[in-house]
1. Which net charge results when you count Lys and Arg as +1 and Asp and Glu as -1 among the other residues whose beta-carbon is under 12 Å from that of ASN132?
2. To the nearest 0.05, what FRET efficiency results for LEU95 and GLU166 with a Förster distance of 22 Å applied to their C-beta separation?
3. Peptides 101-113, 150-162, 40-52: what's the order by average Cβ count within 10 Å, highest mean first?
4. Just tell me which lysines come within less than 26 Å, Cα to Cα, of LYS47; anything on the same chain fewer than 8 places away is out.
Amino acid sequence: EALYINDSAQQALEDSGSFANTVWAWVHTQVAECGGDEVVREISFAKEGKPVYYSVVCHPIFWRETSAVALIFTDISDEKRRLQNLEYVAYRDNLTLVYSRHYGIQRLEELLDSKVPFVLCFADIDHLKYINDQFGHAAGDDYIRAVADMLREFPGGILSRIGGDEFMVLAPGC
């Protein structure tokens, strides 16, 4: 039985039947399994084509001589979107919008640790200095973007710009 439902939880449970089913299935599992420990879970669903995220904290309690749970719903959609935006900015090269050096090296290390077969390709642009000197840095930037666009076509590849005129393509599973 629900003794009290905060506004966030009420709205979430009314907005999406599948979300409500997910929450209640999880609640029943927690009542049986949490063994006195607090459990936190993120749950999401689409509302008007846009993802909505909730943090649900499950506190086991003893109520009317039976095991029960107290749930606290918190809408974390704004924080989640801010985090996704920060990750996008952190992991993208500003000029080409391909992945950054940091992201590429991180993925390379993950692939090396996982022992998954992969292909690693490096591409270095020729004559960038000549283009910059003869036609200006805007033309050089166009050249870099054009090469990035061509390298994006590598099937299944993860493209990173690792230097001014250097790119790395990782292709897991090859």
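1. For residues surrounding ASN132, the net value is -3.
2. Approximately 0.95, to the nearest 0.05.
3. So the order, starting with the most tightly packed, is 150-162, 101-113, 40-52.
4. Straight-distance partners of LYS47: LYS80.
Quick note: the coordinates plus some simple rules give every number you see, no bench work behind them. Note that this is a predicted model, so its numbers are computed, not measured. So basically every Cβ, Gly included, is an ideal-geometry build from the backbone, and we count neighbours across all protein chains shown.
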